[in-house]
Amino acid sequence: MNPFTFEQAADASAAIRLANGAAAAKYLGGGTNLVDLMRETVEQPDMLIDVTHLPGDIERRDDGSLLVGAAVKNTALAAHPDVRSTFPLLTRAILAGASAQIRNMATIGGNILQRTRCRYFYDNAAHCNKRQQGAGCDAKEGFNRYHAILGASPACIATHPSDMCVALAALDAKVHLEGAADGPANQRILRLLDLHRLPGDRPDIETELQPNELITAIEIPPLAFARRSTYRKVRDRASYAFALVSVAAALDIDENGLVRDARLALGGVAHKPWRALKAEEALRGQLAGPESFRAAAEAELASAVGLRDNKFKIELAKRTIVAVLNELKGEGE
Ligand SMILES: Cc1cc2nc3c(=O)[nH]c(=O)nc-3n(C[C@H](O)[C@H](O)[C@H](O)COP(=O)(O)OP(=O)(O)OC[C@H]3O[C@@H](n4cnc5c(N)ncnc54)[C@H](O)[C@@H]3O)c2cc1C
């Protein structure tokens, strides 16, 4: 690990001021990802700025939305009564991730910006375009069971590892940011779907964040039919494993059994949390049932590309979508 200085920030402007005064600062949440990467020298900040004491809570607003401070712990968000009752997919997604100890440490901001678990990214002896621009990608010919089947590029096939972000993608959450060079009072709001990037030819640029921009909160808009929602994660072990494929879904079925609306997002399949807009579109107006669910899954996965070790994930993703929608349909009957 390289030497670094450590600072604590009492508020967002102090954190940003400190970061702008350093050569290569990183904000520190629970440290459950960043510190591992520093030990491997993949990350080499010269300053860590602890942002876990920034003001922030979970606030229910009059319109039914939730505003969640970036420093809120994963455990606290999953356990919050409003989240459990109105956004059960979010509680389930968070609880499907990591371990209780890690969720007690991990913050919302850190979870969103955690980095891929591609083993070639962590291995300094491997070629990785994400770690070093233009270095090549050993994962393409290597062990790529956990890698992307959607939206990948010749430069990178890594996946985004967060479970929580898959639920947030389905809920169309917004990310509140501070510290951008433009924007009124240096603040702006991005949809979570627009925060993470697909790899293209610059997989080292993972988000649309500007240098030292700080996540201050996330906003979860109201979605009445999210009461009928869930998250399913398919993985190699029953706990403490990242997703091969995961599905976050909410389903709204009318009195005639037709799909009024649906939200679907996939994890473990792409460089970013993958909102399944084609599947959602295919579902609307259809009779809810295995045929329409399968057709929606086919529509979403039509552009999927598998590699030697991960091509099974294409069918797995389709079946998981169908299983989750069947489960949600059953809940309403
Ligand atoms: C053994 C193990 C198993 C795991 N399994 C899973 C799993 O199954 N599913 C899953 O989803 N996750 C899993 N995780 C990952 C875990 O969820 C993340 O490590 C955690 O969410 C990161 O949160 P943190 O607060 O510790 O972030 P940190 O490690 O502190 O930071 C992560 C990144 O976010 C940046 N950052 C932090 N806060 C802010 C902010 N407010 N604004 C801007 N940037 C910020 C940091 O600079 C850093 O780049 C696992 C981790 C481990 C170690």
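Consider segment 56-86. How many of its residues are under 23 Å from the mean Cα position of the chain (by Cα) and part of a loop (DSSP other than H, G, I, E, B)? Of the residues in that region, 8 qualify.
Residues of segment 314-330 that are without any contact (Cβ under 8 Å) to a residue 24 or more places away in the chain and closer than 15 Å to Asp254 by Cα: Gly330 alone. Considering only residues of segment 150-186 that are more than 9 Å from the ligand (Cβ to nearest atom) and of a type in the set (S, T, N, Q), which is nearest to Asp252 (Cα to Cα)? Only one residue fits best here, namely Thr159. Given the criteria within 10 Å of the ligand (Cβ to nearest atom) and either under 21 Å from Thr207 (Cβ atoms) or among the charged types (D, E, K, R) (or both), does Gly134 qualify? The answer is no for Gly134. Listed conditions (1) at pLDDT 95 or above; (2) open to solvent by 20 Å² or more (accessible area, probe 1.4 Å); (3) within 30 Å of Asp50 (Cβ to Cβ) are all met by Ala185, apart from (1).
What number of residues within segment 256-271 are more than 19 Å from Leu316 (Cβ to Cβ), of a type outside the set (S, T, N, Q) and either open to solvent by 10 Å² or more (accessible area, probe 1.4 Å) or over 24 Å from the mean Cα position of the chain (by Cα) (or both)?
Initial filter on segment 256-271 (more than 19 Å from Leu316 (Cβ to Cβ)): 256-263.
Filter again for of a type outside the set (S, T, N, Q), leaving 257-263.
Still in the running and either open to solvent by 10 Å² or more (accessible area, probe 1.4 Å) or over 24 Å from the mean Cα position of the chain (by Cα) (or both): 257-261, 263.
Summing the residues that are more than 19 Å from Leu316 (Cβ to Cβ), of a type outside the set (S, T, N, Q) and either open to solvent by 10 Å² or more (accessible area, probe 1.4 Å) or over 24 Å from the mean Cα position of the chain (by Cα) (or both) in segment 256-271 gives 6.
Taken over segment 104-114, residues that are open to solvent by 40 Å² or more (accessible area, probe 1.4 Å) and within 8 Å of the ligand (Cβ to nearest atom) amount to 2. Scanning segment 189-205 for residues that are closer than 18 Å to Leu266 by Cα and either open to solvent by less than 40 Å² (accessible area, probe 1.4 Å) or acidic (Asp, Glu) (or both) yields Leu192, Leu193, Asp194, Leu195, His196, Pro199. Return yes when Leu223 is in contact with a helix residue (DSSP H, G or I) (Cβ under 9 Å, 6 or more places away or on another chain) and away from the ligand (no atom under 12 Å from the Cβ) and no when it is not. Spelling it out, Leu223 is indeed in contact with a helix residue (DSSP H, G or I) (Cβ under 9 Å, 6 or more places away or on another chain) and away from the ligand (no atom under 12 Å from the Cβ).
Mind checking whether some residue in segment 16-25 is touching a residue at least 40 places away in the same chain (Cβ under 8 Å), part of a helix (DSSP H, G or I) and open to solvent by 30 Å² or more (accessible area, probe 1.4 Å)? Yes; the residues of segment 16-25 include at least one that is touching a residue at least 40 places away in the same chain (Cβ under 8 Å), part of a helix (DSSP H, G or I) and open to solvent by 30 Å² or more (accessible area, probe 1.4 Å). Regarding segment 273-284, can at least one residue be identified that is in a helix (DSSP H, G or I), within 30 Å of Leu18 (Cα to Cα) and out of contact with any Phe, Trp or Tyr (no Cβ under 8 Å at 6 or more places or on another chain)? For segment 273-284, residues in a helix (DSSP H, G or I), within 30 Å of Leu18 (Cα to Cα) and out of contact with any Phe, Trp or Tyr (no Cβ under 8 Å at 6 or more places or on another chain): absent.
I'd like to verify a number: residues in segment 155-210 that are without any contact (Cβ under 8 Å) to a residue 24 or more places away in the chain and in a loop (DSSP other than H, G, I, E, B), how many? Looking only at that region, the number is 4.
Put simply, of Ala96, Ala79, Ala135 the only residue that is out of contact with any strand residue (DSSP E or B) (no Cβ under 8 Å at 6 or more places or on another chain) and open to solvent by 10 Å² or more (accessible area, probe 1.4 Å) is Ala79.
When the test is whether a residue is within 13 Å of the ligand (Cβ to nearest atom) and either modelled with pLDDT under 95 or outside any loop (DSSP other than H, G, I, E, B) (or both), Arg117 does not pass it.
The values are calculated or read from the model by the stated rules, or taken from the named source; none is laboratory data. Being a predicted model, the structure only gives us computed values, none of them experimental. A quick note on method: Cβ atoms are made from the backbone with ideal geometry, for glycine too, and the neighbour counts reach across all protein chains shown. We work out accessible area using only protein heavy atoms, side chains counted, and drop any ligands, DNA or RNA first. Shrake-Rupley method; radii C 1.70, N 1.55, O 1.52, S 1.80 Å.
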